[in-house]
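Contents: one structure, followed by commentary.
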Amino acid sequence: MPRRDDIKSILIIGSGPIVIGQACEFDYSGTQACKVLREEGYRVVLINSNPATIMTDPDLADATYIEPITPFFVEEIIKREKPDVILPTMGGQTALNVTVALAESGVLKKYSVGLIGAKLEAIQKAEDRELFKAAMDRVGLHCARGGFVNSIDDAMKVAEEIGFPIIIRPSFTLGGTGGGTAYNKDEFREKVQHGLISSPIHQVLVEESVIGWKEFELEVMRDLKDNVVIICSIENFDPMGVHTGDSITVAPAQTLTDKEYQTMRDAAKKVIREIGVDTGGSNIQFAVNPKDGRMLVIEMNPRVSRSSALASKATGFPIAKIAAKLAVGYTLDEIPNDITKLTPASFEPTIDYCVVKIPRWDFEKFKGVESTLGVQMKSVGEAMAIGRTFKEAFQKALRSMEQGRFGLGADGKDDLNVRELSDKSRSEWKKKVLDRLKIPKPENVFYLRYALQLGATLEDIHESTRIDPWFLHNLKQIVDFEEELYSYRV
Amino acid sequence: MKAKLALEDGTVFTGEAFGAETEVTGEVVFNTSMTGYQEILTDPSYAGQIVTMTYPLIGNYGVNAEDLESVRPQVAGFVVKEYFDFYSNFRATGSLGDWLAQHKIMGIQGIDTRMLTKIIRTTGAMRGVISSVDLDDENLVAKAKKSPAMAGLDLATTVTTTAPYTWDELDRTPFALPPSVKTRVNGKRWNIVVYDFGVKRNILRRLTAYGCKLTVVPSTYSAEQILQMNPDGIFLSNGPGDPAAVRYAIQNIKQLIGKKPIFGICLGHQLLALALGGKTFKLKFGHRGANHPVKNLLNNEIEITSQNHGFAVDPSSLDPTKIEITHVNLNDGTNEGFRHRELPIFCVQYHPEASPGPHDSDYLFARFVDMLERESVGAGKDKQEEKGRK
């Protein structure tokens, strides 16, 4: 299919200021989109309130507006520039939210502005959890049990049905702002109240907790001819309960057989088709019960996301760039693969290495913020590394954090020097460390090492952390190797 | 235990044995799938081959009794970068290494599989040997050179079933794929004879899912024997080796063309091409993996496909007045499928049954059943017309 000639100018909405959960990855995707669409000869109009971005550099767009990303200002720009369409999928949640507001208030209709990338209905279906659950039902996929509530009383009723712990997720917020996990009624009441205030539509989802389940993500692309390809599978080192942005993540998935992976792939195709993202990328998250393989769909982002930036780097498949091309009518088989140049983009990258991403937190800068990790993202950055083994990638990523650590141990910078402990205090420490590991915290990765050094078994650690034993086994191999090296000391 | 992999070009890799500790020769090929090692190991099409996985971490999810494509591992040997004896998956019943040892299949790990793959891509698939009993480089290279070449080798005859059997099993795991369309409208089930050149079980399961009743027969069954069984259709399976070397099968298929509807996969596709007067040739390093994009020329849709073949059909050798090319590989433009313009015959080079791999091409089984239905209606009509004339 050739590119669309019925449109001449495209409005791209950026993601605004850097906040937790929405950082430079959206500058990257927006910049890619500006470049590609201008190359294709379209007039590109850009709005982004953040002048410290690449996309607002001169020459990247035909007209750049550094204005607040609010319905009012976007409408003013539409009046002046009369774009034919808006591409709302490059600027994170901010761009989607403002687009939905403009569509619902009738502004888009008034100025006959269309949407490319994702239609209003698709955005609503993906973002509104009620509509999302109904959509998943229609294609025979399962979500966690629970319901939407607009008041504390209703929330209490649902809580009685599903039992604690319960996850609280406010509707239409970014990075899971205002969300949390409640283990009892008091916590629940407080968190629901907070969630209701955070949600622009005063609604929260209270849901059966799948804490401790395995978490997976698939990056999916679809074109106007309904071709769907999976760019990358991602398995989270940290189980469900820790926000993906705060999880150590690994690509590709490590502990799924082909049968299980293909079931997930089929589900992802059903999700993107049912939600109706016509062109471009989406990110779909799944939870899998490690005991029986039961799979739930957690959520879908109908846009390029933090994970798509990671998937692009991990596979070499430029998701944002291709998504922009798909948005103007090209199909996957018409776009050349960036790496091979000779073969088309309609393929699924296969890699001969392992990718590990480790988040970085800066709690020193956020005094008073609880450092426990949960469903609300708290990390401010990340390092990604590639290696031929998980261990290699993991060590490289840890070292790349620029926090003064050279990897998992062997750098003389431990808070706890296990080798110097007496046998008696070892067993006390073992218990302390295992207890500490029950609560997800930023430095836990080093505590995993202490636990292993203290003789905790993989079962012990799995019991405390719910981290898949396969990952723990790999860490154990690193720790054992350190011990071996240490034994050669003169 | 220390082990070595030697190629006929003189390259020698040193690693560590897992599975059985022995010595074996074979054609060294690589597979790019990131999941599905158990299905790959048990695929009879890998007979005579030492399979290298380009994905470096293997063994992670162990093995189980469900993900088998035949009764046992069929590869000659297995080469990986890092083998995991420690596994984690709720379906796992044991480790990959123990299972390979039990079936006397040798694996070698700690190999720079990226370098090995690059060598194969440059030079082409090569003969090789893996050994934990002889570690002398010169000896090993000599053994690799002496081993049989794949071109001209009939391996299908070595992996086919010895006696016919019926098959009526479905995938009973929670991951079973339902048929994409309603199977049988009127409850009728089709009797299909499956020519076994090394058939994968998931082909049998998918045909069964679409309402076929299967009789699997040895590759050596003659055309007369097949026709005596009077099936509604014939399926030509996948299998190992050089298609041109399975001469008796080509002769048999020639006699079946025009008599019954035929569907072929992989080696079955190549044998059909040869029986229709076409030619096959050996690919430099073959297609083995689960991410090959194929374009369906009939509707221009793209399928991500599972593939495993070292030979291919030369489409220019097929008579365009009789044969229509239906599928093409988007990576290298090679032929992936064709159909007969007049007769109920079609086939694909790749694996619509997946296992391992994506389910994008499952519709081909539906197409086969549709073809059987059309043929049976057509035949019924013909008979009625005949009756009317009488």
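Here is a list of conditions, (1) part of a helix (DSSP H, G or I); (2) at pLDDT 95 or above, and A:Ala385 meets all of them except one; can you say which number that is?
(1)
Can you tell me which of A:Arg222, A:Arg169 is under 30 Å from A:Arg4 (Cβ atoms), of a type in the set (D, E, K, R) and open to solvent by 20 Å² or more (accessible area, probe 1.4 Å)?
A:Arg222
Where in the range B:1-120 are there strands (runs of 3 or more DSSP E), lying fully within it, with 3 or more residues that are under 26 Å from A:Trp470 (Cα atoms)?
Here the list reads B:12-19, B:49-53, B:77-79, B:106-109.
For every residue, the table says whether it meets (1) open to solvent by 10 Å² or more (accessible area, probe 1.4 Å); (2) under 22 Å from the mean Cα position of the chain (by Cα); (3) within 30 Å of A:Ala327 (Cα to Cα).
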site: A:Val107; (1), (2), (3): yes, no, yes
site: A:Leu120; (1), (2), (3): yes, yes, yes
site: A:Met136; (1), (2), (3): no, yes, yes
site: A:Gly140; (1), (2), (3): yes, no, yes
site: A:Val149; (1), (2), (3): no, no, no
site: A:Glu160; (1), (2), (3): yes, no, no
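Within the group B:Gly128, B:Gly124, which residue is among the small types (Gly, Ala, Ser), in contact with a helix residue (DSSP H, G or I) (Cβ under 7 Å, 6 or more places away or on another chain) and more than 14 Å from every other protein chain (Cβ to nearest Cβ)?
Unique residue meeting the criteria: B:Gly128.
Among the numbered criteria (1) out of contact with any helix residue (DSSP H, G or I) (no Cβ under 7 Å at 6 or more places or on another chain); (2) surrounded by 22 or more Cβ atoms within 10 Å (Cβ to Cβ); (3) more than 14 Å from every other protein chain (Cβ to nearest Cβ), which single criterion is violated by A:Val204?
Looking at each condition in turn, A:Val204 falls short on (1).
Which residue, of B:Ile257, B:Ile253, B:Ile262, is at negative phi, modelled with pLDDT of 95 or more and open to solvent by 10 Å² or more (accessible area, probe 1.4 Å)?
Of B:Ile257, B:Ile253, B:Ile262, the one residue that is at negative phi, modelled with pLDDT of 95 or more and open to solvent by 10 Å² or more (accessible area, probe 1.4 Å) is B:Ile257.
What are the residues in the range A:412-451 that are among the aliphatic types (A, V, I, L, M) and either assigned to a helix (DSSP H, G or I) or under 24 Å from A:Val210 (Cα atoms) (or both), if any?
Scanning the range A:412-451 gives A:Val418, A:Val433, A:Leu434, A:Leu437, A:Ile439, A:Val445, A:Leu448, A:Ala451.
Just one of A:Asp292, A:Asp266 is at pLDDT below 95, surrounded by fewer than 24 Cβ atoms within 10 Å (Cβ to Cβ) and either more than 15 Å from the chain's Cα centre (by Cα) or part of a strand (DSSP E or B) (or both); which is it?
A:Asp292
Which one is nearest to the other protein chains (Cβ to nearest Cβ) among residues in the range A:241-255 that are under 16 Å from A:Asn283 (Cβ atoms) and in a loop (DSSP other than H, G, I, E, B)?
A:Pro252
Within the range A:452-490, which residues are hydroxyl-bearing (Ser, Thr, Tyr) and either part of a helix (DSSP H, G or I) or crowded, with 19+ Cβ neighbours inside 10 Å (or both)?
Once the filter is applied, which keeps residues that are hydroxyl-bearing (Ser, Thr, Tyr) and either part of a helix (DSSP H, G or I) or crowded, with 19+ Cβ neighbours inside 10 Å (or both), the range A:452-490 yields A:Ser464, A:Thr465, A:Tyr486, A:Ser487.
Is the range B:1-19 home to any residue that is in contact (Cβ under 8 Å) with a residue 40 or more places away in the chain, open to solvent by less than 10 Å² (accessible area, probe 1.4 Å) and within 14 Å of chain A (Cβ to nearest Cβ)?
No: zero hits.
If I filter the range B:144-171 down to residues being among the small types (Gly, Ala, Ser) and either part of a loop (DSSP other than H, G, I, E, B) or on the phi > 0 side of the Ramachandran plot (or both), which single residue comes out as least open to solvent (accessible area, probe 1.4 Å)?
B:Ser147
Scan A:Ile248, A:Ile275 and give me the residue that is more than 24 Å from A:Val356 (Cβ to Cβ) and not charged (D, E, K, R).
A:Ile275
Got a number for residues in the range A:232-241 being surrounded by fewer than 24 Cβ atoms within 10 Å (Cβ to Cβ) and β-branched (Val, Ile, Thr)?
The qualifying residues number 0.
Going by what's in this entry, would B:Ile58 be described as touching a residue at least 60 places away in the same chain (Cβ under 8 Å), aliphatic (A, V, I, L, M) and in contact with an Asp or Glu (Cβ under 8 Å, 6 or more places away or on another chain)?
no
Which of the residues that make up the range A:373-390 are open to solvent by less than 40 Å² (accessible area, probe 1.4 Å) and closer than 22 Å to A:Met240 by Cα?
A:Leu373, A:Gly374, A:Val375, A:Met377, A:Ser379, A:Gly381, A:Ala383, A:Phe390
Could you list, in sequence order, the residues of the range B:29-78 that are more than 11 Å from chain A (Cβ to nearest Cβ), open to solvent by less than 10 Å² (accessible area, probe 1.4 Å), out of contact with any Leu (no Cβ under 6 Å at 6 or more places or on another chain) and β-branched (Val, Ile, Thr)?
Answer for the range B:29-78, where residues must be more than 11 Å from chain A (Cβ to nearest Cβ), open to solvent by less than 10 Å² (accessible area, probe 1.4 Å), out of contact with any Leu (no Cβ under 6 Å at 6 or more places or on another chain) and β-branched (Val, Ile, Thr): B:Val29, B:Ile50, B:Val51.
Over 14 Å from A:Phe237 (Cα atoms) and more than 14 Å from chain B (Cβ to nearest Cβ): is that true of A:Asp423 in this structure?
Yes, satisfied.
From (1) open to solvent by 50 Å² or more (accessible area, probe 1.4 Å); (2) part of a strand (DSSP E or B), pick out the condition that doesn't hold for A:Glu402.
All conditions pass for A:Glu402, except number (2).
How many residues are open to solvent by 10 Å² or more (accessible area, probe 1.4 Å) and more than 16 Å from the chain's Cα centre (by Cα) if we restrict to the range A:295-304?
The number of residues fulfilling the criteria is 1.
The rows are residues; the columns are (1) buried (at least 21 other Cβ atoms within 10 Å of the Cβ); (2) in contact (Cβ under 8 Å) with a residue 60 or more places away in the chain; (3) away from every other protein chain (no Cβ under 12 Å).
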{"residue": "A:Val328", "(1), (2), (3)": "yes, yes, yes"}
{"residue": "A:Thr331", "(1), (2), (3)": "yes, yes, no"}
{"residue": "A:Pro336", "(1), (2), (3)": "no, no, no"}
{"residue": "A:Arg360", "(1), (2), (3)": "no, no, yes"}
{"residue": "A:Phe366", "(1), (2), (3)": "no, no, yes"}
{"residue": "A:Glu370", "(1), (2), (3)": "no, no, yes"}
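Every residue in the range B:347-365 that is more than 14 Å from chain A (Cβ to nearest Cβ) and open to solvent by 10 Å² or more (accessible area, probe 1.4 Å), please.
Listed by number, the list is empty, since nothing qualifies.
Any residue at all in the range B:221-240 that is open to solvent by less than 10 Å² (accessible area, probe 1.4 Å), assigned to a helix (DSSP H, G or I) and among the hydrophobic types (A, V, I, L, M, F, W, C)?
yes
Could you tell me which numbered condition A:Gly178 fails, if it satisfies all but one of (1) touching a residue at least 40 places away in the same chain (Cβ under 8 Å); (2) surrounded by 14 or more Cβ atoms within 10 Å (Cβ to Cβ); (3) more than 22 Å from the chain's Cα centre (by Cα)?
(3)
Looking only at residues in the range A:76-94 that are in a helix (DSSP H, G or I) and at pLDDT below 95, which one is most open to solvent (accessible area, probe 1.4 Å)?
A:Thr94
The values are calculated or read from the model by the stated rules, or taken from the named source; none is laboratory data. Just so it is clear, the model here is predicted, and its values are computed rather than measured. Counting neighbours? That spans all protein chains shown, and the Cβs are built from the backbone with ideal geometry, glycine included. These area figures cover heavy atoms from the full protein model, side chains too; ligands, DNA and RNA do not enter into them. Shrake-Rupley method; radii C 1.70, N 1.55, O 1.52, S 1.80 Å.
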